[in-house]
Amino acid sequence: MFSHVVVFWTDPKNPLAADALLHGARRYLQPIPGVLSFHIGKMVGSDRPVVEQSYQVALNLIFADQQAQDTYQGHPLHLEFVERAFLPNCVKCVVYDFA
């Protein structure tokens, strides 16, 4: 199993950026072959100081192995997501990959 977690900071000048990013991920990323589990959502606030709360959206994808994730990275739908949903709506992202 290979997990690919992406944390997004959306453009604060665009109040619709988080929703556009969610929509784009569902449209472009969810149907890519090899994605075993797809979960995207907005940050949930917490009173616990250990919980990171500066981001707006997070994505958690699970693949069978690293090769499946590597194939996903080059898939045309992933590249379209980057161009149409990520770049226009985000100012930063951090990626965590682990197996």
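For segment 37-84, with the dipole built from +1 on Lys and Arg beta-carbon atoms and -1 on Asp and Glu ones, taken about the Cα centre, which of Gln67, Ser46, Phe81 lies farthest toward the positive end? So the residue furthest toward the plus end is Ser46. The helix-only estimate of mean residue ellipticity at 222 nm for the chain, built from DSSP H runs of length n ≥ 4 each weighted as -39500 (n - 2.57), is -6000 deg cm²/dmol after division by the residue total. Largest GNM mean-square fluctuation across Gln30, Gln53, Gln73, computed for the chain with C-alpha springs under 10 Å, falls on Gln53. Within the listed set Asn60, Asn14, Asn89, the Gaussian network model of the chain (springs between alpha-carbon atoms below 10 Å) gives the highest mean-square fluctuation for Asn14. Backbone amide hydrogens, once placed in the peptide plane, bring Val57 within less than 5 Å of Phe8, Thr10, Met43, excluding anything fewer than 5 places away on its chain. Under the convention that each Lys and Arg Cβ holds +1 and each Asp and Glu Cβ holds -1, the size of the dipole of the chain around its Cα centre is about 260 debye. Taking θ as phi - 60° and the Karplus parameters 6.51, -1.76 and 1.60, the scalar couplings of segment 81-94 work out to 4, 4, 5, 8, 10, 6, 4, x, 10, 10, 10, 6, 8, 10 Hz in sequence order, x denoting glycine and proline. Gyration tensor over the Cα atoms of the chain: the corresponding equivalent ellipsoid has semi-axes (square roots of 5 times the eigenvalues, largest first) of 22, 17, 10 Å. Annotation: amide H of His75 has no partner in the under-5 Å range at sequence separation 5 or more or interchain, hydrogens built in the peptide plane. For the chain, the set of chymotrypsin sites (Phe, Trp or Tyr not before Pro) satisfying both a DSSP loop assignment and a count of at most 10 other C-beta atoms within 10 Å is empty.
Bear in mind these aren't lab numbers, they're just calculated from the coordinates by the rules spelled out. The model shown is predicted, which means the values in this text are computed figures rather than measured ones. Virtual Cβ from ideal backbone geometry, glycine too; neighbours counted across all protein chains shown.
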